[in-house]
Amino acid sequence: MHHMSLQIQFYSLKNEAHPTFHLKLYNPGSAIILSSIMPILENMGVRVITESPYSIKVGNEGECIWMHCFKIQIKADCTSFVFEDIADNFINC
């Protein structure tokens with residue numbers, strides 16, 4: 001398998017009320033430790049509603065990618081929320 005770095009997907013569903021969004025983090029090799037990621041999300045003005053981790057096997061050598069699916073809401077007191085800031089914070093941590 002070629003080397004893959006942390007990947008991020010951010011989206012909202014049409015049938016969900018604002019300010020609910022979904023964040024997926026794809027991390028090769030190992031699960032993301034929740035106690036490491038929760039402060040990052042909280043400091044960016046996001047409240048985590050749910051998190052579901054999934055291990056996805058890739059290739060024949062037992063390698064896996066961990067997908068973490070977060071349902072999040074923007075905190076009411078958050079005055080500015082920019083998705084690119086989220087991506088930068090995860091990539092640079």
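Every read-out reported here was derived from the displayed coordinates using simple, explicitly stated rules and does not represent laboratory data. As the structure is a prediction and not an experimental result, all values here were calculated from the model. Virtual Cβ from ideal backbone geometry, glycine too; neighbours counted across all protein chains shown.
Where Lys and Arg each count +1 and Asp and Glu each count -1, what net charge lies around I65 among other residues with Cβ under 12 Å from its Cβ? Local charge sum for I65: +1. Each label point was placed 7 Å from the Cα along the Cα-to-Cβ direction; for T20 and S35 their separation is 3.0 nm. Using the Cβ-Cβ distance between M4 and R47 with R0 set to 22 Å, the FRET efficiency from 1/(1 + (r/R0)^6) comes to roughly 0.15. For K75 and Y54, the difference between the fully extended length at 0.36 nm per residue and the C-alpha to C-alpha distance is 4.9 nm.
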